[in-house]
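Worksheet: the structure to be examined is printed underneath.
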Amino acid sequence: MIILLKKKQAIIVNLYVNLFQVLLTKSEQRLPMSKDLFSQQASHYALYRPVYPTVLFEYILQYVENKKLAWDCATGNGQAAVALADYFEKIIASDSSEKQIANATLVPNIEYSVCKAEGTNFPDKSFDLVAVAQAYHWFDMTAFAKEVNRVAKAGAVIAIWGYNIPLSGIDPLDDEIRYFYKQVVGPYWDMERKYIDESYKTVEFNFPELPSRDFSIEVRWTLEHLTGYLNSWSSVQHYINRNGINPVTEFLPRLAAQWSQGREIEFKFPVFLRIGRVGKSY
């Protein structure tokens, strides 16, 4: 009798597991986002991506009149959402990648959602701020603008920002980083990467613009941290998928030759920002 009961329990558990897997597969099929390039290396992304400076958020927030609800779109592992949570009553943080959301930092006033940027189920006219950190270049920008105009309050702020590759001010080391970026994995970047190189100056941004300025992210990294960051690049994953070897591992001796063991080196990431106001609805 006990054996039969255990068998029935096992069957029921398996049914629920199979049902969950089917639902998960269907949910992934419903999210054909512009591009999902970071699920594969989500853990590296969470561990090694740099943290945005407080002064960036303070600059953006000077233009935000009400701080009830913000949308951090393409949140990744929640870096920008966690920072914004200190200023807003609630943050909705979305990403098309379930793996990225699974690695996100949990904070009481952050609600995570899996959805694509260009089509959400968020209520009309609900957000005081829409923020996009290091992801706007992957979007269908026209469709996203339409969605922003739908879900943001009139007069809300939209802020999009990104950062370029880190440099140390040590010429031989910086030369190696630039060589890796342009020559080794350069051909493996998606075409949208050019918008980062152009500091978002050429992206479609159809919102009345507010004054902006440049910022920087400053870090002190060991060689291990730098290589972890390089492994989070989508171009590195494309290289691995195409060639079967990791270019960071192959390139590591050249970086190590410019780096004394255990040393921490200061790096700066140039940060660029475009900021605007949401006007009429479509």
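Observations, loosely collected:
- Selection status of LYS67, of a type in the set (Lys, Arg), farther than 14 Å from VAL130 by Cβ, out of contact with any His (no Cβ under 7 Å at 6 or more places or on another chain) and surrounded by fewer than 24 Cβ atoms within 10 Å (Cβ to Cβ): no
- Some residue of the range 198-209 being over 29 Å from LYS125 (Cα atoms), buried (at least 16 other Cβ atoms within 10 Å of the Cβ) and assigned by TED's automatic domain parsing to the domain that holds THR142: yes
- From LYS201, LYS194, LYS182, residue being basic (Lys, Arg) and not in a helix (DSSP H, G or I): LYS201
- Flag: SER212 does not match the condition of being surrounded by 16 or more Cβ atoms within 10 Å (Cβ to Cβ) and in a helix (DSSP H, G or I).
Per-residue answers, yes or no, for (1) free of Cβ contacts under 8 Å to residues at least 24 places away in the same chain; (2) within 21 Å of GLN134 (Cβ to Cβ); (3) in contact with a Gly (Cβ under 6 Å, 6 or more places away or on another chain):
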{"residue": "GLN237", "(1), (2), (3)": "no, yes, no"}
{"residue": "ASN246", "(1), (2), (3)": "yes, no, no"}
{"residue": "PRO253", "(1), (2), (3)": "yes, no, no"}
{"residue": "ALA256", "(1), (2), (3)": "no, no, no"}
{"residue": "ILE265", "(1), (2), (3)": "no, no, no"}
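- Those residues of the range 70-118 which are surrounded by fewer than 24 Cβ atoms within 10 Å (Cβ to Cβ) and acidic (Asp, Glu), in sequence order: ASP86, GLU89, GLU98, GLU111, GLU118
- When the range 228-269 is filtered for residues that are β-branched (Val, Ile, Thr) and crowded, with 20+ Cβ neighbours inside 10 Å, the ones remaining, listed by number, are VAL236, VAL248.
- Qualifying residue in the range 173-182 (condition: surrounded by 13 or more Cβ atoms within 10 Å (Cβ to Cβ), among the β-branched types (Val, Ile, Thr) and either more than 20 Å from the chain's Cα centre (by Cα) or modelled with pLDDT under 95 (or both)): yes
- Selection within the range 248-282 - over 18 Å from PRO166 (Cα atoms) and part of a helix (DSSP H, G or I): THR249, GLU250, PRO253
The values are calculated or read from the model by the stated rules, or taken from the named source; none is laboratory data. Predicted model, so just to flag it, every value in this text is computed and none were measured. Heads up, the Cβs are rebuilt from the backbone with ideal geometry, glycines too, and the neighbour counts pull from every protein chain shown.
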